[in-house]
Amino acid sequence: GCPPALSLPPSSSATSSSFRCPSSSSDSAPSFAASVAAAADSRRKFGYKERAKMTVHQPFERQKAYHREIEDDDPSKVMQAQMYTPETLKAEALARNCYRMVAYDLALPELLDRYAERAAELAGSMEPVQFAVILNAFARSQHRHDKMLKVFTKRMPPRLSHFVPMNYATICNAYAKLREKDEPLFRRFSAEMPHKLPLFEGNQISLVANAYARLSIRDDLLFDDIADEVMRRPQELCHASLLRIANAFGHFKIASSRFWFVLSDWLLQSYLDFTAQDIVNLLNSLSAVDFQHDSLMRALTQSLTDPLMLGELEPSYVGLGLNAMGRLQWSGRGGAEAIQALATRATELAPEADAAVVGQLLHACTKLPELRRNKAMLDALMERSVVLVPTSNAQSLSLLVNSCTKLRLRDVALLTQVAKTIPKRAKEFNPQALAMIAHGFAKLEVRSEILFYLLATQIVAKMPLFTGQGVGMILRAYGKLDIKNDKLVTACRKQVKALADELTPAELDDIEAGFKALDALDPHMEGLLHRTRRQLQAAQSAAAPSAAPSSSRARRERAWAREDGEDDLLHRLAAQDTAAPPFSSADDAGGLAYAVSGPGAALDGGGARGRGGRDEEEVPAAVGREGRKATRQAEASEADRDHNLWELWGAEGSSKSRPAAGGRRREEEEEEDPWVLGQSVGGGGGGGSGRAHTSSGRARRTDDDDATPPQGLRNYLAQASRPGRRPVVLDTADGEEARSASRRGAGGSESAGGESGSGGGRRHMRRKAA
């Protein structure tokens, strides 16, 4: 029998006719073997292809067709597909795609809002770097989303300990660009950043300082730490970082001379990299702290005179630069040339300037004499002002009137136009602007009752916000133009009563003059002003004596800190003025004679003594030039003498002086105090009784125990050699004897005398070295 035919797949090249019975053909044996081999080979090839196909292409056989297109398509299309579907992204992918979208300029307001909504949802799981990246992207696109900022402000503080310097700098800069002034959050930043400041790079420090300045969040402790870091490593700051630091410190008017010296030195090294706008901003910062660095100022002003640099300046920067030069008042080389160059540029740009710039330029003219004499510039600015008055805001109008007042520019047509524009914006004026408008019209003698009536309405409504200076300006303006308004006067009276404790003498004079000009100074107000003036005078007189000691406090502390402060003590005593005793006599003091500190003061109860223990009758009331010359010659001859310090004390202690008029002398026979400076302890010495002890224990001074006058001390200190200072040796035995003698002398039980009391003053009971 024939073998069964093999079943082959359709794809096989062999047909069923090839597998016939071998007996039916003459060449059946070889053809049958070939057919079997071909069939086996075909099966092997077919099986291999199927297995390869299943392993390689199996994942894509079960997917839809568009997935294959995404896999084979360009990667940018895949990225954009994720970018435009933020609702499906997690925190890390959301931050990455948000940054790429802004960097590739693909951001749209609607798409940014969707990103913000998704970021607010994922804020609880975000890392610090993701907060920083998303905020930086929104800041670069200048798109603000309040809900996202509110959620971020709530979620960031608990994670501040994990923030790195880059996160702080990026977030602070983003909040500054978005104008999001969240002071509690920045206070938390201020508490966390100081101990990490050494890890900040120079650029990061400048970004943090600039953010605080732009948001006007002042933190003195943080800026002190920033100043220390800048002074420690200024070489790490580029010219842009140095400029940001200068602007930030100038904004807060932090005038640390050491810091500004270091900063100015490094600014001088990089000033060639500054643009014209940078130079103007730097001058404005220096003027804010009133700091002048000659080398830096010369370099900056010479750079501004370059025509190419001037061509870069816009009108606003020209006004800012001129105002900065007006505040600095720098008279060094190049200053006048820079002012002239800026004035020329301002004249060229006057037709393009807006109202704020015109006000700035006019205000600069009031500070710089060079600009006051520049008639071309003033004419151009006044012409531009006439055009801009109808569209000017309240601040620009008040600044325009104030500048015209200081420049004595009485342009009636311009002021009339200003008066017509003010009623339209009356509610926009603050108290300072209202006072400046009224004062300016009165100073230029432009009387408009309608205008002043409208001003009075706004002044009465805002009177609680006025200061004493503003009230004085208002009253004097209305009084000078003789425009009376009862409501205004009543409101001013109430405000003066409320501010009575805060008024200065100048403000009191202005208010009183204003009330008098309006015939509104009633007795009650006059008494109030008089009482306030007396209180101010009493406070000033009480504060005057304490001003001198406080100014030399550091010097006194250094003097007392020294081991040998005798010379400093003598210098202070020589320079100290004689003060009058608190009571003119013992009767005025209730029977008590108070000791007055300072040498040369009369301590005997008679208040008619002058400087140096001399009577007042010996000193003429007025001394001419010849008299003063003779006095100086006498003092010089006295200084040439070789005095001994202890002789000076003894001589002054033994000198007799006449009793003062009205004084009372009472001599009591009591024991001498051995510690009184300048008396002799010996029994027969001519030192006088010094200080007598009354029965009640209170000390009195007699006429013959005056202290050394300051002039005597000056003469002694002027000598090259001082024989009064001698080394002494204190023995133990002598010390015990001295202490026992001191106790006996203080108790008054025995008279001072003998060999142990041969010295006086600080040398009492000391023995010279053998």
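For this structure, a couple of remarks:
- Normalised by 2.2 N^0.38 Å, where N counts its residues, the alpha-carbon radius of gyration of segment 252-361 equals 1.03.
- Rolled with a 1.4 Å probe across the full set of protein chains, the surface gives GLU348 an accessible area near 110 Å².
- Net lengthening on full extension, VAL412/ARG233 (0.36 nm per residue, minus Cα-Cα): 58.6 nm
- Dividing the convex hull volume of the alpha carbon atoms of segment 309-383 by its residue count gives 76 Å³ per residue.
- Over segment 132-281: Kirkwood hydrodynamic radius from C-alpha pairwise inverse distances, Å: 15.9
- Debye, to nearest 20: dipole size of segment 323-385, +1 on Lys, Arg Cβ, -1 on Asp, Glu Cβ: 320
- Quotient of C-alpha Rg and 2.2 N^0.38 Å, computed over segment 362-404: 1.16
- Cα lying deepest toward the dipole's positive end in segment 95-177, options TYR115, PHE163, ALA132, charges on Cβ: PHE163
- Calculated FRET value between LEU268 and GLU127, using beta carbons and R₀ = 45 Å, to 0.05: 0.60
- Cα Rg, Dmax, segment 215-261, angstrom units: 10.3, 27
- Rg to Rh quotient for segment 342-418, alpha carbon positions, Kirkwood Rh: 0.92
- Overall Cα dimensions of segment 343-487 - principal axes, largest extent first, Å: 49, 27, 26
- Heavy-atom accessible area, probed at 1.4 angstrom with all protein chains present, ranks LEU94, LEU221 as LEU221, LEU94, highest first.
- Shown for segment 287-328 is the translational diffusion coefficient from the Stokes-Einstein equation, using the Kirkwood radius over Cα pairs, a temperature of 37 °C and a viscosity of 0.692 mPa s: 296 µm²/s.
- Both the radius of gyration and Dmax for segment 131-191 are 10.6, 30 Å, in that order, over alpha-carbon atoms.
- Estimated at 0.36 nm per residue, the fully extended path between LYS147 and GLU352 surpasses their Cα-Cα distance by 69.8 nm.
The values are calculated or read from the model by the stated rules, or taken from the named source; none is laboratory data. Bear in mind that the values here come from a model prediction, so they are computed numbers and not experimental data. All Cβ positions, glycine included, derive from the backbone under ideal geometry; neighbour counts span all protein chains shown. Ligands, DNA and RNA are stripped out before the accessible areas are found, and what is left, the full protein with its side chains, is counted by its heavy atoms. Shrake-Rupley method; radii C 1.70, N 1.55, O 1.52, S 1.80 Å.
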